[in-house]
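These notes are about the structure you will find just below.
No lab work stands behind these numbers, since they all come straight from the coordinates. From a predicted model like this one, the values you see are computed outputs, not experimental measurements. For neighbour counting, all protein chains shown are included, and Cβ atoms are generated from backbone atoms with ideal geometry for every residue, glycine included.
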Amino acid sequence: MEDIIEKFAQRLEISSDKARQGISITSKYFLQNSEPVVATGVLSMLPSSLTNMFSNDEKQEFKTSQKNITYDEIIKKISNDCFNGDTQKSKKVYEEAINVIKRQIW
C-alpha cells in the first residue's frame, strides 16, 4: 500500500500524509455510501493496509448500514481536513482515490 500512496502523492504533488488521509476519507465515504452487501464485498477485496485504517466498529457499520453522503460533503471533508479549504486539490484527491479503490477491487 505504501507504494500506492507514494505514487498517488507524487502524481498529485502532495505529501504522503495528505495522500494517505485523502485515500482514507474517500474509502470511508465510498464504503458508507455502498449497500451493505457491496461494502462487505469491497472490504474483502481491498488490501488489509487500507482496511486496517478503519476500526472494527466502522467495518461493522459498513456491513450493516448505508448512508447517503453527497459528493460535496466528501469534498468539503477532504478540503477541510487535508488542504485548508482548497476544494480543487480535494476534488483531484477524491477522483484519484476513487480510481485507486476501483483498481484494487476490479
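Please work out if K59 is out of contact with any Phe, Trp or Tyr (no Cβ under 8 Å at 6 or more places or on another chain) and either surrounded by 12 or more Cβ atoms within 10 Å (Cβ to Cβ) or without any contact (Cβ under 8 Å) to a residue 60 or more places away in the chain (or both).
Details: out of contact with any Phe, Trp or Tyr (no Cβ under 8 Å at 6 or more places or on another chain): yes; either surrounded by 12 or more Cβ atoms within 10 Å (Cβ to Cβ) or without any contact (Cβ under 8 Å) to a residue 60 or more places away in the chain (or both): yes.
In short, yes.
Please state which one of I75, I69 is farther than 21 Å from Q104 by Cβ and surrounded by 13 or more Cβ atoms within 10 Å (Cβ to Cβ). Steps first, answer last, please.
On the way: I69 fails: farther than 21 Å from Q104 by Cβ.
Testing whether each residue is farther than 21 Å from Q104 by Cβ and surrounded by 13 or more Cβ atoms within 10 Å (Cβ to Cβ) leaves just I75.
In the range 42-56, what count of residues is obtained for those that are in contact (Cβ under 8 Å) with a residue 12 or more places away in the chain and either in contact with a Pro (Cβ under 8 Å, 6 or more places away or on another chain) or surrounded by 11 or more Cβ atoms within 10 Å (Cβ to Cβ) (or both)? Working first, answer last.
Our first condition is that a residue be in contact (Cβ under 8 Å) with a residue 12 or more places away in the chain; within the range 42-56, this holds for 42-43, 45-47, 49-50, 53-54.
If we keep only those that are either in contact with a Pro (Cβ under 8 Å, 6 or more places away or on another chain) or surrounded by 11 or more Cβ atoms within 10 Å (Cβ to Cβ) (or both) too, we end up with 42-43, 45-46, 49-50, 53-54.
Residues flagged as in contact (Cβ under 8 Å) with a residue 12 or more places away in the chain and either in contact with a Pro (Cβ under 8 Å, 6 or more places away or on another chain) or surrounded by 11 or more Cβ atoms within 10 Å (Cβ to Cβ) (or both) within the range 42-56 amount to 8.
Name the single residue that is nearest to the chain's Cα centre (by Cα) among those in the range 62-88 being farther than 25 Å from T40 by Cβ, of a type in the set (S, T, N, Q) and part of a helix (DSSP H, G or I).
Restricting to residues being farther than 25 Å from T40 by Cβ, of a type in the set (S, T, N, Q) and part of a helix (DSSP H, G or I), the top hit is S79.
Check Q10 against each of (1) surrounded by fewer than 18 Cβ atoms within 10 Å (Cβ to Cβ); (2) farther than 23 Å from S90 by Cα and name the one condition it does not meet.
Q10 satisfies all of (1) surrounded by fewer than 18 Cβ atoms within 10 Å (Cβ to Cβ); (2) farther than 23 Å from S90 by Cα except (2).
Hey, can you tell me all the residues within the range 7-31 that are over 13 Å from the mean Cα position of the chain (by Cα) and in a helix (DSSP H, G or I)? Spell out how you get there, then give the answer.
The initial filter retains those residues of the range 7-31 that are over 13 Å from the mean Cα position of the chain (by Cα), namely 7, 9-17.
Within the range 7-31, K7, A9, Q10, R11, L12, S16, D17 qualify.
List the number of the failed condition for Q104; all other conditions in (1) over 13 Å from the mean Cα position of the chain (by Cα); (2) over 15 Å from I14 (Cβ atoms); (3) not in a loop (DSSP other than H, G, I, E, B) hold.
(1)
Being of a type outside the set (A, V, I, L, M) and in a loop (DSSP other than H, G, I, E, B) is the filter here; which residues of the range 35-61 pass it?
Scanning the range 35-61 gives E35, P47, N52, F54, S55.
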